[in-house]
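Reading through the structure tokens given below for one structure.
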Amino acid sequence: GGTPARGNYSGLGTVNGFFYPALAGVGTHVITYTYTNAIGCSNTATDTIFVSTCTNVTELGNNNNISVYPNPTKGSFTINGTFASDDKANILLCNMFGELVLVIENGNIATTYNKQVNIDELANGIYFLTIQTNGNNVTTKIVKN
């Protein structure tokens, strides 16, 4: 996302132009964007990124009105739950690096929610399903094998 395009990012947690919070670790990190044009003139820009420990995420468990099955999955899973009638939801799937790989919902959802999610195109591995509604976050690990 740097301007002009085709520059290079550097700093702890950067790999091939992307910042990975898990690689950088908790704390303050300075990321530098360097660009050199065709005649050798260059310039840099820096920004500071703070990575914190996520403390407001509740693991999806037996006390919630949401279930996700089957888990592990071979390619699809179902999200089933009951929500308040005015709930707006973000239902997101991220990979192990915290990168968003799928937006399942983004907006108003039905009180009774049942949706099958196909992840056939994703590589086998561990993913994190996060359901955000009215300031509450619940997350569960999804294993695809």
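Give, to the nearest whole percent, the P(r) tail of the chain beyond 20 angstrom, counting all Cα pairs.
Values: 6092 of 10440 pairs.
Percent of Cα pairs beyond 20 Å in the chain: 58.
On the beta carbon distance between Thr34 and Val101, with R0 = 30 Å, the FRET formula returns roughly 0.55. Rolling a 1.4 angstrom probe over the chain with all protein chains present gives an accessible area of which 50% lies on carbon and sulfur atoms. Taking 0.36 nm per residue of sequence separation and removing the Cα-Cα distance, the Leu12/Ile126 pair yields an extension gain of 38.7 nm. Think of a 1.4 Å ball rolled over the protein heavy atoms: the chain then has 62 Å² of accessible area per residue.
Packing around the peptides 123-131, 5-13, taken as the average count of other Cβ atoms within 10 Å per residue, puts them in this order, highest first: 123-131, 5-13. With the simple model of a label 7 Å out from the Cα in the direction of the Cβ, Thr46 to Asn118 spans 4.8 nm.
The values are calculated or read from the model by the stated rules, or taken from the named source; none is laboratory data. All values reported here derive from a predicted model rather than from experimental measurement. Note that each Cβ is placed from the backbone with ideal geometry, even for glycine, and that neighbours are counted across all protein chains shown. Side chains are part of the model used for accessible areas, which takes the heavy atoms of the whole protein and leaves out ligands, DNA and RNA. Shrake-Rupley method; radii C 1.70, N 1.55, O 1.52, S 1.80 Å.
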